[in-house]
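Novice: This is the structure I want to talk about, given as structure tokens.
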Amino acid sequence: MIMKPHKKTIAIADKEIGLADLIGVLTRDMGVEVHKMVVGSNTTPQDVASFVQGVSPDMVFLAENYQTISTVPMVLAYQDIKRIKRGEGVEALAEIRKGGYTGPVYMISANPQHEEEAMAQGADGYVPMDFEKLREFLKSSMG
């Protein structure tokens, strides 16, 4: 009996579908299957953990925050924003790890507000937001 090689999978939980689509395009030639979950203010960390468990991916990308920064009054300084906004992705990461997922998990953020906390919870790093760096990262990780 000939066994098919394992098709690599990536699970992405992000507030916008654009990054998931971009990763899908960048990994198309590598035969990687991309599973997407759009997260929002009503998404719980348990919802994200259930999604990841259902996909059982080789790699996970998580949005750092589900709500856009525009929901925070502009008069607040960056440190105030950091204190009042919770890192929903970090909380989802904790749930994913509690559920037994041991594969790599990378956070998605243009402005990492919770990097230290994410790394303490078991994140493997942050996704490079530069197109070329992202492509190289995916090639080296999934190729």
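Novice: Looking only at residues that are in contact (Cβ under 8 Å) with a residue 40 or more places away in the chain and touching an Asp or Glu at 6+ places or on another chain (Cβ under 6 Å) in the stretch 4-19, which one is farthest from residue 48 (Cα to Cα)?
Specialist: 8
Novice: Let me ask you something else. If residue 12 passes every condition in (1) assigned to a strand (DSSP E or B); (2) surrounded by fewer than 20 Cβ atoms within 10 Å (Cβ to Cβ) but one, which one does it miss?
Specialist: With (1) assigned to a strand (DSSP E or B); (2) surrounded by fewer than 20 Cβ atoms within 10 Å (Cβ to Cβ) applied to residue 12, the lone miss is (2).
Novice: Any idea which residue in the stretch 15-48 is surrounded by the fewest Cβ atoms within 10 Å (Cβ to Cβ), counting only those that are more than 12 Å from residue 88 (Cα to Cα) and among the small types (Gly, Ala, Ser)? Can you show your working first?
Specialist: Narrowing the stretch 15-48 to residues more than 12 Å from residue 88 (Cα to Cα): 16-38.
Now restrict to residues that are among the small types (Gly, Ala, Ser): 18, 20, 24, 31.
Working: 18: 9, 20: 21, 24: 17, 31: 11.
Only one residue fits best here, namely 18.
Novice: How do the pairs read when you match residues in the stretch 97-122 that are among the charged types (D, E, K, R) with residues anywhere that are modelled with pLDDT under 80, using Cβ under 7 Å and keeping only pairs 6 or more apart or on different chains?
Specialist: Hits for this filter: 117/87.
For (1) at pLDDT below 90; (2) assigned to a helix (DSSP H, G or I), each residue gets a yes or a no:
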site: 92; (1), (2): no, yes
site: 95; (1), (2): no, yes
site: 111; (1), (2): yes, no
site: 116; (1), (2): yes, yes
site: 135; (1), (2): yes, yes
site: 139; (1), (2): yes, yes
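Novice: Let me ask something additional. Do the conditions hold for residue 67, that is, is it of a type in the set (S, T, N, Q), outside any loop (DSSP other than H, G, I, E, B), modelled with pLDDT under 95 and over 16 Å from residue 125 (Cβ atoms)?
Specialist: On the way: of a type in the set (S, T, N, Q): yes; outside any loop (DSSP other than H, G, I, E, B): no; modelled with pLDDT under 95: yes; over 16 Å from residue 125 (Cβ atoms): yes.
Here the answer is no, as residue 67 does not meet what is asked.
Novice: I've got another one for you. May I ask you to list the residues in the stretch 15-42 that are closer than 22 Å to residue 101 by Cα, assigned to a helix (DSSP H, G or I) and in contact with a Lys or Arg (Cβ under 7 Å, 6 or more places away or on another chain)?
Specialist: Passing the criteria: only 20.
Novice: Still on this structure, please answer the following. Out of 73, 5, 57, I need the residue that is more than 17 Å from residue 134 (Cα to Cα) and at pLDDT 90 or above. Which one?
Specialist: Numbers: 73 fails: at pLDDT 90 or above; 5 fails: at pLDDT 90 or above.
Sole residue among the options that is more than 17 Å from residue 134 (Cα to Cα) and at pLDDT 90 or above: 57.
The values are calculated or read from the model by the stated rules, or taken from the named source; none is laboratory data. As the structure is a computational prediction, the values presented were derived from the model and not from experiment. Here the Cβ is made from the backbone with ideal geometry for all residues, glycine too, and neighbour counts use every protein chain on show.
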